[in-house]
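Structure first, then comments.
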Amino acid sequence: MLETIEWTPQGVVMIDQTLLPSKTVFVTCADYLEVANAIKTMIIRGAPAIGVAAAMGVAIGVQKSPDPDADFDNICATLAATRPTAVNLFWGIERMKDLYHSLNGKTPDEKREALIAEAIRVKDEDVAICREIGRHGAGLVPDNKTVLTHCNAGALATAGYGTALGVIRAAWESGKKIDVFADETRPFLQGARLTAWELMQDGIPTTLITDNMAGHFLKSGRIGCVVVGADRIAANGDVANKIGTYSVAVLAKENNVPFYVAAPISTLDLTLTDGSQIPIEERASGEVTSVFGVPVAPDGVNVCNPAFDVTPNRYVTGIITERGVATAPYTESLKALSYSAAHPAKA
Ligand code: MRU
């Protein structure tokens, strides 16, 4: 299986997702600042993957610090300031903080060792979680139909296997005769560069379409369901995901095509009552005005570049998690799922 991110004695190794599919280059981050930069510049991207990167970033920060107690807050704050929307980033940092604070009284070396072990655990758990998401979602994918997906919620966006692509992989592995339509996902082209590449490597039939073709195919009767990932899901089931997801969801509902969101429990943010409270990252205008460094717009044009949008819960047929599938009313179903295994006493 493709290794998106790995802890090694030399540092945190990541596949550089800005260069795929033309070049497969692995980058070694030797300290937490390099990990923070890799998250910010999208060398690593996708909510669960940046959660793992953040956990590894905290671990390498503590490993390399001569005085971890003095540096800990700054390491965590630097990593938290990289990207604002995917809640998994903050989840990963909080998990490392909780552990660190429980290690009071231990030696710096004991703390270093415990944090490294925890970061590796976060990664290993993520792969297992994606497989469970796939297991819960595979039955929802209609046989002999096309699945439409947006952006990349695959092995590259996680520690392996993927969330939305995990559902597609599990359906494919169960013998269903499906194929995939991948939206190219302007402006960063995660669908064209990453999803198409990943699925082709697995031999899953894949067709690339531009984003503005999705409505045409959703109307055609060919698409059996849409499956996408998520960056943050509010308590009421509103879903932040890659820009363009909302349009796909509306078009899916208009054409009676089920629209599923596949995400780990760590993507839920039950502190937010609805999606209007989710911070949306605005990225550099150059991502819109140029394609691979080639200008496609007049110099000086005004640009908006929100990296995510919020799909209201009424468009979401189901949210597929590692603990099962939540359906409306989401305020109840998501709360029940989030407490089911984490806090059995409150279930
Ligand atoms: O800007 P990106 O590439 O980090 O955005 C990624 C997405 O929007 C994914 O769909 C989401 O993180 C889910 S990944 C399993």
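Restricting attention to segment 65-101, the residues that are farther than 30 Å from Ala284 by Cα and outside any helix (DSSP H, G or I) add up to 3. Residues considered: Ala192, Ala196, Ala138. Of these, the only one that is more than 18 Å from the chain's Cα centre (by Cα) and part of a helix (DSSP H, G or I) is Ala138.
Could you tell me whether Ala196 is touching a Pro at 6+ places or on another chain (Cβ under 8 Å), modelled with pLDDT of 95 or more and within 15 Å of the ligand (Cβ to nearest atom)? It is true that Ala196 is touching a Pro at 6+ places or on another chain (Cβ under 8 Å), modelled with pLDDT of 95 or more and within 15 Å of the ligand (Cβ to nearest atom). Within segment 102-113, the set of residues being over 20 Å from Gly51 (Cβ atoms) and part of a helix (DSSP H, G or I) comprises Pro108, Asp109, Glu110, Lys111, Arg112, Glu113. For first residues located in segment 19-40 and among the small types (Gly, Ala, Ser), partners that are loosely packed, with under 15 Cβ neighbours inside 10 Å and lie 6+ apart or on another chain with Cβ distances below 9 Å form the pairs Ala30/Gln10; Ala36/Ala81. Just so you know, in segment 56-72 the residues that are under 30 Å from Gly275 (Cβ atoms) and away from the ligand (no atom under 16 Å from the Cβ) include one that is surrounded by the most Cβ atoms within 10 Å (Cβ to Cβ), and it is Met56.
Checking Thr107, Thr149 one by one, the residue that is crowded, with 17+ Cβ neighbours inside 10 Å and modelled with pLDDT of 95 or more is Thr149 and no other.
Considering the conditions (1) assigned by TED's automatic domain parsing to the domain that holds Thr311; (2) within 11 Å of the ligand (Cβ to nearest atom); (3) among the β-branched types (Val, Ile, Thr), Thr85 is excluded by exactly one of them, (1). Taken together, the residues in segment 143-158 that are over 10 Å from the mean Cα position of the chain (by Cα) and either over 17 Å from Glu173 (Cβ atoms) or not in a loop (DSSP other than H, G, I, E, B) (or both) amount to 5. Of all the listed residues (Ala235, Ala214), the sole one being touching a Ser or Thr at 6+ places or on another chain (Cβ under 6 Å) and more than 13 Å from the ligand (Cβ to nearest atom) is Ala235. Is it fair to say Lys242 is of a type outside the set (Gly, Ala, Ser), touching a strand residue (DSSP E or B) at 6+ places or on another chain (Cβ under 9 Å) and surrounded by 24 or more Cβ atoms within 10 Å (Cβ to Cβ)? Spelling it out, Lys242 is indeed of a type outside the set (Gly, Ala, Ser), touching a strand residue (DSSP E or B) at 6+ places or on another chain (Cβ under 9 Å) and surrounded by 24 or more Cβ atoms within 10 Å (Cβ to Cβ).
Here's a check for you: in segment 245-284, which residue that is assigned to a loop (DSSP other than H, G, I, E, B) and within 16 Å of the ligand (Cβ to nearest atom) is surrounded by the fewest Cβ atoms within 10 Å (Cβ to Cβ)? By that ranking, first place goes to Ala284.
The values are calculated or read from the model by the stated rules, or taken from the named source; none is laboratory data. Everything numeric in this text was worked out from a predicted model, so none of it was measured. Quick reminder, even Gly has a Cβ in these numbers, built from the backbone with ideal geometry, and neighbours come from all protein chains shown.
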